[in-house]
C-alpha cells in the first residue's frame, strides 16, 4: 500500500484540483518492475502435469493482473484504440 505524507510533498495550493493533479503526477505511475515480473511469469508459464483448466486459470489470472497494470482511459480517439490493440497483441509474444 502506498502512503502519502502530504505535509512533506505538497506546497500550498489554493485549489484542491491542483493538489490532486500533483498527486496523480507523482504517484500514479505504472510499476515497471511489477509489469516485467508479470511478463516473465507469463512467458515461463508451463502446464507440466497440471490439468488444462488449472493451467488456463493461472495463465488468464496473470494476464488479468497485467491488463490491470495498464490504465488506458476510455476514449474514442485513434491513439487509444492503437494502444489497446498493441497491448492485446503483446499477449502473442
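Worth pointing out:
- Every pair of residues 6+ apart whose Cβ atoms lie under 8 Å, when the first sits in the stretch 6-28 and is in a loop (DSSP other than H, G, I, E, B) while the second is surrounded by 10 or more Cβ atoms within 10 Å (Cβ to Cβ) and modelled with pLDDT of 70 or more: 10/19; 10/22; 10/23; 13/19; 13/22
- Listed by first and then second residue, the pairs with beta-carbon distance under 9 Å, at least 6 apart or on different chains, first residue in the stretch 36-62 and without any contact (Cβ under 8 Å) to a residue 12 or more places away in the chain, second in a loop (DSSP other than H, G, I, E, B), are 43/93; 54/47; 55/45; 55/46; 55/47; 55/48; 56/47.
- Residues in the stretch 43-54 include none that are surrounded by 11 or more Cβ atoms within 10 Å (Cβ to Cβ), modelled with pLDDT of 80 or more and not in a loop (DSSP other than H, G, I, E, B).
The values are calculated or read from the model by the stated rules, or taken from the named source; none is laboratory data. This structure is a prediction, so every number in the text was calculated from the model and none was measured. Reconstructed Cβ throughout: ideal geometry from the backbone, glycine too, with neighbour counts over all protein chains shown.
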